[in-house]
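What follows is a short report on a single structure.
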Amino acid sequence: MTGDVALLLRRAGFGPTAAELAAARQSGYPETLSGLLAPLGPDVGATSSPVPKLGPDPHANLPNPTRAQHIQADIKRKAQAELIQRWWLDRMTVASHQAVEKLVFFWHGHWATSVDKVRSAQYLLTQHRTLRGARDIVDLAHRMIVDQALIYWLDGQHNKKGAPNENLARELFELFLLGIGQYTERDVREAGRALTGWLTVLEEEAPVFDRKRHDPGRKTILGQTAKFDAHSLVNLLLTRPECPRFIATRMWFRYASHSEPIPERVREKMAEAFPAPMAMLRALFEDESFGATAHTLVKQPVEWLVGAMRQLGLRISGLPVETAMDIVHGMRALGQLPFAPPSVGGWPAGTAWLTSAAAQVRMNLAGKLAGLHQPGRLTPEDVAHILCVDGWTDRTYKVLRDVKDPRQLLVLGLSSPEYLVT
């Protein structure tokens, strides 16, 4: 099996360093792929970025807070949200197991949940541990359906017998497990009944199931009738043939192409590997159609930032808090910040990231990164090597060759089409 290891490293992870790319070219495609998808030993790099210890939610155990206590708790919540956002950007940068980290980020966009509504960083960090620690997609789905952050995000705490809220049920069908067109409105209503009874309580580490609020009656969902509850509903959806094909399609969309549809052959190979996500990715990366997607996928802002920081030898935790927060604010301005997707549909893809407004924000961020890197004398060839760019087009090279300031050279390289599109 042959393939472009540079493309593989850029897509499976957040972007290789020059040393990683050189080592991969020496090892070859099969060995590099195996190392990415089945890394040996603990993630050494990630040990330098331990999970923050937040303590209890600031609003927990405040049954009747004064206005001042409420304001103070909100301030602490905001600081905790910013802390976990900085932490994950840092971990993405230093993680040795890049494909594992990228997969967690994929799941975050798939089961998109935002701290902007949920408010509790504790809820989001618990969900993050679930995304990272689930054994496979079956285990992940069962754990997510009773995840406090997701329940709150989709109004599941208001879902009770006699007055079901259908938000979580609808997204479980449409965005999480089956896809558009694979269910009816009646299926959604009946699934909403199956999900009744789950509550989020700040003082509890896990969601609370209130039997009095649960509808135990028989429901007919996707043609099957039973006394469905949350977990039997998930089991039903996971065993539908549409489920693995839908997950495969979503993986193709994020890892391979957001413009070309997934080839049927690839989708079936990936579906056969379900529910093991790394095995599904192996089926994708081993197929020749993956190589044909080179230079077609626009980097998401997080991919752009983390890749740049890795290649420039920078990390969030090594910066003053004010500087780190400037970067976080820049990411929010770009439209992508971990733990804060804009909707349950997650972040957009493709040319949505290539607006003129985004270009200006990206240039400003690139300038900050280049300044932190403090480069010495550079040529366009040096910049291509540092950023692991295959090469410059004639148009880009004509711009770069006349630039003498090394910082400006890096800024232009980080903002170039060759760097933004993989």
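The values are calculated or read from the model by the stated rules, or taken from the named source; none is laboratory data. Everything numeric here is computed off the predicted structure, so don't read it as measured data. Cβ coordinates were reconstructed from backbone atoms using ideal geometry, including for glycine residues, and neighbour counts include every protein chain displayed.
The table below gives the values:
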| quantity | calculated |
| --- | --- |
| Subset of the range 301-317 [more than 16 Å from L9 (Cβ to Cβ) and surrounded by 15 or more Cβ atoms within 10 Å (Cβ to Cβ)] | P301, V302, L305, L312, L314, R315, I316, S317 |
| Tally of residues being of a type outside the set (S, T, Y), without any contact (Cβ under 8 Å) to a residue 60 or more places away in the chain and within 25 Å of R135 (Cα to Cα) across the range 39-73 | 9 |
| Members of the range 168-200 that are out of contact with any Asp or Glu (no Cβ under 9 Å at 6 or more places or on another chain) and among the hydrophobic types (A, V, I, L, M, F, W, C) | L172, L175, F176 |
| So E204, is it of a type in the set (D, E) and in contact with a strand residue (DSSP E or B) (Cβ under 9 Å, 6 or more places away or on another chain) | no |
| Verdict on L365 being surrounded by 15 or more Cβ atoms within 10 Å (Cβ to Cβ), within 24 Å of the chain's Cα centre (by Cα) and within 20 Å of R310 (Cα to Cα) | yes |
| Of all residues in the range 194-209 being among the small types (G, A, S) and modelled with pLDDT of 95 or more, the one that is nearest to N159 (Cα to Cα) | G197 |
| Only listed residue being under 22 Å from the mean Cα position of the chain (by Cα) and farther than 25 Å from S257 by Cα, chosen from A22, A81, A99 | A81 |
| Segments classed as helices (runs of 4 or more DSSP H), wholly inside the range 181-271, with at least 2 members that are in contact (Cβ under 8 Å) with a residue 24 or more places away in the chain, farther than 22 Å from L297 by Cα and in contact with a Lys or Arg (Cβ under 9 Å, 6 or more places away or on another chain) | 185-194 |
| Scan of the range 19-38 for residues that are in contact (Cβ under 8 Å) with a residue 12 or more places away in the chain, surrounded by 16 or more Cβ atoms within 10 Å (Cβ to Cβ) and not β-branched (V, I, T), ordered by number | L21, A24, Y29, L33, L36, L37 |
